[in-house]
């Protein structure tokens with residue numbers, strides 16, 4: 001049986017759906033997918049390694065106004081320092 005394949009919006013890599021983080025824009029905030037409406041996927045590598053690229057692409061794709069990664073909510077794991 002084939003598993004669903006989805007694309008990361010940052011690196012455009014194709015991965016199995018269950019390995020990606022799924023989120024959506026709701027009232028101007030990025031939140032975990034609520035199973036209603038449109039959503040996007042990001043792989044965990046892009047979240048941890050390309051913070052500047054992630055912010056730039058999310059601001060562009062979702063027409064957000066220069067938000068920082070900590071303003072996107074708790075759906076993205078933060079780097080441990």
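The values are calculated or read from the model by the stated rules, or taken from the named source; none is laboratory data. Because the structure is predicted, anything quoted here is derived from the model rather than measured. Neighbour counts run over all protein chains shown; Cβ positions are idealised from the backbone, glycine included.
Tabulated values for the structure
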{"quantity": "Region 1-31 - residue that is in a strand (DSSP E or B), surrounded by 12 or more Cβ atoms within 10 Å (Cβ to Cβ) and out of contact with any strand residue (DSSP E or B) (no Cβ under 6 Å at 6 or more places or on another chain) and, of those, modelled with the lowest pLDDT", "calculated": "29"}
{"quantity": "Subset of region 32-44 (residues that are in contact with a helix residue (DSSP H, G or I) (Cβ under 8 Å, 6 or more places away or on another chain) and surrounded by 15 or more Cβ atoms within 10 Å (Cβ to Cβ))", "calculated": "40, 41, 42, 43"}
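Residues checked against (1) in a loop (DSSP other than H, G, I, E, B); (2) under 18 Å from residue 11 (Cβ atoms); (3) at pLDDT below 70:
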{"position": "45", "(1), (2), (3)": "no, yes, no"}
{"position": "48", "(1), (2), (3)": "no, yes, no"}
{"position": "52", "(1), (2), (3)": "no, yes, no"}
{"position": "55", "(1), (2), (3)": "no, yes, no"}
{"position": "59", "(1), (2), (3)": "no, yes, no"}
{"position": "65", "(1), (2), (3)": "yes, no, yes"}
{"position": "70", "(1), (2), (3)": "no, no, yes"}
{"position": "79", "(1), (2), (3)": "yes, yes, yes"}
